[in-house]
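Before any comments, here is the structure.
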Amino acid sequence: MVNLSRYGERAIVGILVVIGFSIFLTTVLFPFYWMIISSMKNMGELFAWPPVFVPSELDFGAYWSVLFEHGFLTYMKNSAIVTLSTVLLTISLGTLGAYAVTRLYFKGKHLMQRSILLIYMFPPIVLVIPLYVLMSTLGLRDSLGGLVLVYLAQTLPVSLYMLSSYFKQLPPDLEEAGLVDGCNRLEVIWRITIPLSVPAIMSVALYTFMIAWNEFLFAFMFLDSTNKFTLPIGMQHLFSSYHTAWDKVMAAGMIITIPIVIIFLIFERYMIRGLTAGSIKG
């Protein structure tokens with residue numbers, strides 16, 4: 001009886017886990033499924049009731065229209081330029097800054113460590129007006145370079161915090177051995193610290209990529225020219241112009257979503273390892 005009751009409890013737990021997992025997957029994946037099939041429906045199926053869950057035929061005309069008639073190829077290029085520039089600058093400056101905070105001693109080091117995340121105490125909407133005035137004064141408004149600087153101010157503090165936490169777990173003996181062997185400080189960083197910090201660096205790169213690729217508020221405030229729009233602004237512009245053409249809106253949503261999903265799935269293991277670095281002392 002004891003064994004039977006134990007097996008019964010395990011069966012109930014297993015059933016509950018399967019049900020819960022199924023509900024979770026349905027909740028998470030169904031919006032993506034609906035976005036995909038809606039981008040391929042004809043107008044009759046888009047507004048049909050009851051809803052059509054499987055289109056009669058797959059129509060990719062909305063993707064062609066969005067890419068080649070509504071400028072999304074240009075928006076993708078602009079987003080790629082801004083995102084990759086932000087990622088490269090964040091990784092480069094974040095690595096050097098985090099190494100300096102972790103390994104070097106200078107005046108104001110502890111104050112810098114405590115205030116490194118101070119910018120995140122303020123919501124982005126609070127920073128829009130002063131940044132708008134600053135960018136206008138410097139002549140950087142309505143430019144992709146100015147947008148990169150704004151994004152860098154948002155992503156660099158977190159990258160410094162994440163990388164410095166990881167660097168603290170690296171044994172300094174390896175770096176000291178490199179210095180003894182004749183390497184200078186930059187060579188030690190390039191040959192020893194960076195190879196050992198790939199998980200943290202990749203997690204910072206992925207985090208920065210997602211922020212810069214999806215950011216809307218600052219791009220909406222600082223970009224005026226249509227040929228400089230990024231994908232989120234292009235999406236808003238498309239929706240405001242063709243808010244009833246749901247096939248085009250859904251196709252644009254897929255174009256924005258697919259790159260970030262693919263990159264996340266490829267580098268997800270690095271992000272987990274990087275985020276958990278420093279939580280366990282070893």
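Might you check whether a residue that is at pLDDT below 85, among the hydrophobic types (A, V, I, L, M, F, W, C) and outside any helix (DSSP H, G or I) occurs anywhere in the range 242-253?
Looking for residues that are at pLDDT below 85, among the hydrophobic types (A, V, I, L, M, F, W, C) and outside any helix (DSSP H, G or I), one finds at least one in the range 242-253, hence yes.
Sort out which residues of the range 70-86 are surrounded by 24 or more Cβ atoms within 10 Å (Cβ to Cβ) and among the hydrophobic types (A, V, I, L, M, F, W, C), and write them in order of number.
Within the range 70-86, 72, 82 meet the criteria.
If you take the residues of the range 151-180 that are surrounded by fewer than 16 Cβ atoms within 10 Å (Cβ to Cβ) and in contact (Cβ under 8 Å) with a residue 60 or more places away in the chain, which of them is nearest to residue 212 (Cα to Cα)?
168
Tell me whether the range 104-124 contains one or more residues that are part of a loop (DSSP other than H, G, I, E, B) and closer than 30 Å to residue 225 by Cβ.
Taking every residue of the range 104-124 in turn, at least one turns out to be part of a loop (DSSP other than H, G, I, E, B) and closer than 30 Å to residue 225 by Cβ.
Yes/no matrix, rows are residues, columns are (1) in contact with a helix residue (DSSP H, G or I) (Cβ under 7 Å, 6 or more places away or on another chain); (2) among the basic types (Lys, Arg):
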{"position": "145", "(1), (2)": "no, no"}
{"position": "149", "(1), (2)": "no, no"}
{"position": "156", "(1), (2)": "yes, no"}
{"position": "167", "(1), (2)": "yes, no"}
{"position": "174", "(1), (2)": "yes, no"}
{"position": "181", "(1), (2)": "no, no"}
{"position": "191", "(1), (2)": "yes, yes"}
{"position": "199", "(1), (2)": "yes, no"}
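Select the helices (runs of 4 or more DSSP H) contained entirely in the range 166-232, then report the ones holding at least 2 residues which are among the small types (Gly, Ala, Ser) and assigned by TED's automatic domain parsing to the domain that holds residue 75.
172-180, 198-214
Just one of 219, 251 is buried (at least 21 other Cβ atoms within 10 Å of the Cβ), more than 25 Å from residue 90 (Cβ to Cβ) and of a type outside the set (D, E, K, R); which is it?
Criteria check complete, one pass: 251.
The values are calculated or read from the model by the stated rules, or taken from the named source; none is laboratory data. The structure displayed is predicted, hence computed values, not measured ones. Note that we place each Cβ from the backbone using ideal geometry, even for glycine, and neighbour counts take in every protein chain shown.
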